[in-house]
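Structure first, then comments.
The values are calculated or read from the model by the stated rules, or taken from the named source; none is laboratory data. Everything quoted here is computed from the prediction, not taken from an experiment. Quick reminder, even Gly has a Cβ in these numbers, built from the backbone with ideal geometry, and neighbours come from all protein chains shown. Calculation scope for accessible area: heavy atoms of the full protein, side chains included, ligands and nucleic acids excluded. Shrake-Rupley method; radii C 1.70, N 1.55, O 1.52, S 1.80 Å.
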Amino acid sequence: MRCILLADVHSNLEAFQAVLQHARENGGFDEAWCLGDVVGYGPDPQECIRLLRQLPHACVAGNHDLAAAKKVDTDDFNPHAAAAAEWTAEQLTAEERRFLGGLPETLLRGEFTLVHGSPRSPVREYVLSAEAVAQNLLYFDTRVCLIGHSHVPVLYVCPDEDFCYAQAPGLDFPVDISEGRVMLNPGGLGQPRDGDPRAAYAILDPHELTVTYHRVTYDFVTTQAKMKRAGLPQVLASRLGLGR
Ligand code: ZN
């Protein structure tokens, strides 16, 4: 069994298509596990929702998904993110807004918990340190938790309930996650923020208990041109080229 982990697609169709093609050419996948923020920031919200829904998938809600569905307000968004959320909501059909608004905040798949932000605050909290991971261990019952939201690929391992450490995951080889408790982020697919503009994703084997991180070059110039045509904030387009 192979699950493709998709976090923070953010309406970036070029990145999404490139990742799916890369995954299909490298062993394929059985199911897509989506860690929230299918939309927001980027120029192709409808196409990304459609592409996700064509796959066998399980998906949790991100803050941008709920904002586009008008289920949460954008008071804590920066002005560019809020403008993009407003634009996104206008593009979607009522049915698409219902789909996003109906996504659960937390999902369980065997020994895996799926959330966008963190177990203790599934839509909002950014997990940015091993200390934050240790605090969050109390808030989920499975051994492994899969997260998105920070747009940075990382693997946290907790040998004890009060001690976790971060591992910068290497690329293209399976990493064993069979020991201790684990929290991991496959990275931001449609808007990476670790200084590498390539699209990020991971393949999880829930039976072998391995995760393989990947980065994929995609045509962000096309995405940027679409954003310009849509009138989305220039700063959101520029950051795609920087991976920040
Ligand atoms: Zn995001």
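Each peptide in 56-65, 191-200, 214-223 was scored by the mean count of other Cβ atoms within 10 Å over its residues; highest first, the order is 56-65, 191-200, 214-223.
For segment 17-168, what is the percent of antiparallel DSSP beta bridges, rounded to the nearest 5? Could you put the intermediate results ahead of the total?
Numbers: 8 of 14 bridges.
The answer is about 55 percent antiparallel.
When the solvent-accessible area of segment 2-60 is split by element, carbon and sulfur atoms take up 39 percent of it, the probe being 1.4 Å.
Normalised by the number of residues in segment 111-244, the mean separation of alpha-carbon contacts (under 8 Å, six or more apart) gives a relative contact order of 20 percent.
Spin-label model, VAL235 to GLU111: label points 7 Å out along the Cα-to-beta-carbon direction sit 4.4 nm apart. Within the accessible area of segment 130-237, what % is carbon and sulfur when the probe is 1.4 Å and the other protein chains stay in place? Summing carbon and sulfur atoms, their accessible area is 53 percent of the total for segment 130-237.
The label-point distance for LYS70 and GLU90, in a model that sets each label 7 Å from Cα toward Cβ, rounds to 1.4 nm. Judged by the ratio a/c of the largest to the smallest principal axis of the C-alpha gyration tensor, segment 164-206 counts as prolate, that ratio being 1.5 or greater while a/b is larger than b/c.
Take the chain, drop everything but the C-alpha atoms, weight them equally and run the Debye formula without solvent; then report log10 I(q)/I(0) at 0.10, 0.16 Å⁻¹ to two decimals. Debye intensities relative to I(0), on a log10 scale: -0.41, -1.10. Dividing the summed helix terms, -39500 (n - 2.57) for each DSSP H run of n ≥ 4, by the number of residues in the chain produces a 222 nm estimate of -9000 deg cm²/dmol to the nearest 500. In the context of the full set of protein chains, segment 70-114 has a per residue accessible area of 56 Å² (1.4 Å probe). Between PRO119, PRO206, PRO43, the GNM of the chain built on Cα springs shorter than 10 angstrom shows PRO206 fluctuating the most. In percent, rounded to a whole number, the relative contact order of segment 1-120 is 26, using alpha-carbon pairs under 8 Å and six or more apart.
Shown here is the pair-distance distribution of segment 113-205: with all Cα-Cα distances grouped in 10 Å bins from zero up to the longest one, the shares run 17, 54, 27, 2 percent. Here the label points at GLU47 and ARG24, each 7 Å from Cα along the C-beta direction, are separated by 1.5 nm in the simple model.
Roughly how tilted is helix 220-230, in degrees to the nearest 10 and between 0 and 90, from the longest Cα axis of the chain? Computed tilt is about 40 degrees. Distance from the C-alpha centroid of segment 19-80 to that of segment 139-198: 19 Å, rounded to the whole angstrom.
For the chain, the relative contact order comes to 23 percent (Cα pairs under 8 Å, sequence separation of at least 6). The long axis of helix 79-91 is offset from the longest Cα principal axis of the chain by roughly 70 degrees.
Each residue of segment 31-40 was assigned a 3J(HN,Hα) from its phi angle through the Karplus expression (A = 6.51, B = -1.76, C = 1.60, θ = phi - 60°), giving 8, 9, 10, 9, 9, x, 6, 5, 10, x Hz with x at Gly and Pro.
How much net charge surrounds ALA166 when only the other residues with a Cβ under 13 Å from the Cβ of ALA166 are counted, with Lys and Arg +1 and Asp and Glu -1?
Numbers: positive: none; negative: GLU131, ASP194.
Once all neighbours under 13 Å are counted, the net charge is -2.
Phi angles across segment 134-143 convert, under the Karplus curve 6.51 cos²θ - 1.76 cosθ + 1.60 with θ = phi - 60°, into 3J(HN,Hα) values of 4, 5, 7, 4, 5, 9, 9, 9, 7, 6 Hz, Gly and Pro given as x.
What segment 126-244 shows is 44 Å² of accessible area per residue, with the surface traced by a 1.4 Å probe over protein heavy atoms. What does the charge count near GLY243 come to, summing +1 for each Lys or Arg and -1 for each Asp or Glu among other residues with Cβ under 12 Å from its Cβ? The answer is +3.
Highest mean packing first, where packing is the average number of other Cβ atoms within 10 Å per residue, the peptides 86-94, 166-174 line up as 86-94, 166-174.
Looking at the square roots a ≥ b ≥ c of the eigenvalues of the Cα gyration tensor of segment 4-122, which shape do they give, rounded for a/c under 1.5, prolate if a/b is larger than b/c, or oblate? Could you put the intermediate results ahead of the total?
On the way: a/c = 1.87, a/b = 1.30, b/c = 1.44.
In terms of gyration-tensor shape, oblate.
Counted by Cβ distance under 13 Å from SER178, the other residues give a net charge of -3, where Lys and Arg count +1 and Asp and Glu count -1.
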